[in-house]
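Visitor: Structure incoming, see below.
Just so you know, all these numbers are worked out from the coordinates, no wet-lab data involved. Please read all numbers here as calculations on a predicted model, not as lab measurements. Positions of Cβ are generated from backbone atoms using ideal geometry, with glycine treated the same way; all protein chains shown enter the neighbour counts.
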Amino acid sequence: MLTFPDDFVWGAATSAYQIEGAWNEDGKGESIWDRFCHTPGRAAGGATGDIACDHYHRYTADVDMLAALGVKAYRFSLAWTRLFPDGGSQPNPAGFDFYRRLIAALRERGIMPMVTLYHWDLPQALQDKGGWTNRDTAYRFADYAARAFEQFGANVPLWATLNEPTLIAFAGHALGIKAPGTRRFWTVLTVVHHLLLAHGLAVEAFREVAPATAADLPDPGIGIVLSVRPTHPASDRPADIRAAQLMNHLTQDLYFEPLFRGRYPTDALAFFRRRLVRPKIQPGDLDHISRPIDFLGINVYTRGLVAANRFNPAFGVRQVAPSGPTTAMGWEIYPPCLFEVLQLAQTYTDLPLYITENGAAFADKTQTGGTIADQDRIDFLRSYLAEAHRAIAAGAKLKGYFVWSLLDNFEWDEGYEPRFGLIHVDFETLERTWKQSAHWYREVIARNGISETLLG
Ligand code: IFM
């Protein structure tokens, strides 16, 4: 039996644009993801989050499912444009009302809300003024965050400022495969800096305005969610090792160092400088960015494998296809990466850690009788959780684990094909059906660990 600590927080995660739908209802403003998906040729098959899982209208039933799973916490994000439609100071009362009702529904069922303030859906009105390339966006974010703390803080003990800044910067602004879909490599470092500044300013606002939490909740805390995909060299050739190091500088150190050491890593800066890219850092910015936080959230799915490639003009790196099994995303199933990222985090901080996302997309098969037999997802979760258990035994302050995702949902530019959910969603009827992995996870939570029978 792999038993977890008594106070271990078992959870499930989602994000606003991926599940809510109701993209233009009740005064909600347009976000960059609305604009991106409404532009032909952007998301696979022309998919949009216009309806998604229709969670906006079905949230009560979804919260009932969370309660039936037995999760202790639910991580979800606020749609900035539901609260402040144009990213300015004019609030939308209906948006506040929606999240107030959602949070109340969770609290009534004894589920602790963990709120992400920014899971990629910037108000389009702010994008029109430059989005994250514009320093002012960081200040607008801090204002929005302050209002959210004031309104919801009494019932929300865990706040995350940003979800996966590296994806926003590189996939959104260099590769152009995620919103806002620009391919301007030279803006990436500025975007990273403004995102981190936004995080730091929001942390300061939190310390100023966040109310005490209700008596039955833990004290309020704030952190950030980083996506960590440790990159390994495909061989022990020095050039491949250097290629892997570069990817780790750009995807890990570029965030860990400013957040926890108050400086940008010299190797990453040198990489950009050689390409004539310099960040627009103002005096004092790194003090804001490195303000103490209360926890670190880590999203982990896989590792990267790279080799040097001098013909690749951007990074001089080539991704190497994994030789082992992969998920439907083509991501290698590599459980030790979870242990590795927790070790890495501990080289920077001794804060409490949460795995804020972990899970897998598979081509789920529905059997006669409607059962969804997703043994591959169960195997995936079991093997990664075993690594979480190993990390705790080795001293990691891992406080909780959130499966990505509660529901099959809108997987960004990949549309609705990849299914990450514990709960199957029929996107025609919007009917929800428990997969076998949901039943399995409920047992894990009930037993606070993985018993012999659940070990399989
Ligand atoms: O669906 C995403 C989520 O929004 C951010 N982390 C990775 C997930 C799977 O790609």
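Visitor: What dipole magnitude, in Debye to the nearest 20, does segment 59-111 give about its Cα centre under +1 on Lys/Arg Cβ and -1 on Asp/Glu Cβ?
Guide: Using Cβ point charges on Lys, Arg, Asp and Glu, segment 59-111 gives about 200 debye.
Visitor: Charges only on Cβ, +1 for Lys and Arg, -1 for Asp and Glu: so what's the dipole of segment 202-344 about the Cα centre, in debye to the nearest 20?
Guide: Roughly 920 debye, rounded to the nearest 20.
Visitor: Here is the link list: K72/K435; K28/K129; K280/K399. Which ones come out longer than 26 Å on Cα distance?
Guide: K280/K399
Visitor: Which percent, to the nearest 5, of DSSP beta bridges fully inside the chain are antiparallel?
Guide: 20
Visitor: Among A239, A307, F36, flag the residue with its Cα farthest along the positive direction of the charge dipole of the chain, charges on Cβ as +1 for Lys/Arg and -1 for Asp/Glu.
Guide: Positive-most Cα among the choices belongs to A239.
Visitor: Whole-Hz Karplus ³J(HN,Hα) for segment 172-178, in order, using 6.51 cos²θ - 1.76 cosθ + 1.60 and θ = phi - 60°, x for Gly and Pro?
Guide: Using θ = phi - 60°, the values come out as x, 10, 10, 7, x, 8, 10 Hz.
Visitor: What does the convex hull of the Cα atoms of segment 297-440 come to per residue, in Å³, rounded to a whole number?
Guide: 142
Visitor: For segment 351-404, go through all pairs of different Cα atoms, get the mean of 1/r, take its inverse, and jot down that Kirkwood value in Å.
Guide: 12.7
Visitor: Give me H194, H439 ranked fewest to most by other Cβ atoms within 10 Å of their Cβ, as a rough exposure proxy.
Guide: Going from least to most buried by this count: H439, H194.
Visitor: If you place +1 on the Cβ of every Lys and Arg, -1 on the Cβ of every Asp and Glu, and leave all else neutral, what size is the dipole of the chain about its Cα centre, to the nearest 20 Debye?
Guide: It comes to approximately 1380 debye.
Visitor: With labels modelled as points extended 7 Å from the Cα through the Cβ direction, what inter-label distance (nm, one decimal) is found for W331 paired with E431?
Guide: Output for this residue pair reads 3.0 nm.
Visitor: For segment 249-338, what class follows from the C-alpha gyration tensor (a ≥ b ≥ c being the square roots of its eigenvalues): rounded when a/c is under 1.5, otherwise prolate if a/b is larger than b/c, else oblate?
Guide: Because a/c hits 1.5 or more and a/b fails to exceed b/c, segment 249-338 counts as oblate.
Visitor: Would you work out which of A138, G153, P165 lies farthest towards the positive end of the dipole of segment 76-174, given +1 charges on the beta-carbon of Lys and Arg and -1 on that of Asp and Glu, about the Cα centre?
Guide: It is G153, whose Cα lies furthest towards the positive end.
Visitor: OK, next. Once you place label points 7 Å from the Cα toward the Cβ at D236 and N448, how far apart are they in nm?
Guide: Modelled inter-label distance: 4.4 nm.
Visitor: Hey, what number do you get for the chain at 222 nm if only DSSP H runs of n ≥ 4 count, each worth -39500 (n - 2.57), divided across all residues, to the nearest 500?
Guide: That comes out to -11000 deg cm²/dmol.
Visitor: Shifting gears a bit: Got a sec? Which residues in segment 335-349 would a label at A394 touch, if it sits 7 Å along Cα→Cβ and we count backbone N under 13 Å?
Guide: Residues passing the 13 Å test: 335-347.
Visitor: Just to verify a number: FRET efficiency for D136 and N24, C-beta to C-beta distance, R0 = 35 Å, to 0.05?
Guide: Efficiency at R0 = 35 Å is approximately 0.90.
Visitor: Express in nm, to one decimal, how much length is gained between V209 and E108 on full extension, taking 0.36 nm for each residue of separation and deducting their alpha carbon distance.
Guide: Stretched fully, the V209-E108 segment lengthens by 33.9 nm.
Visitor: Starting from the Cα gyration tensor of the chain, multiply each eigenvalue by 5, take the square root, and state the resulting semi-axes largest first in whole Å.
Guide: 30, 27, 23
Visitor: Rounded to the nearest 0.05, what FRET efficiency is calculated for D216 and D50 with R0 set to 35 Å and r the Cβ-Cβ distance?
Guide: 0.40
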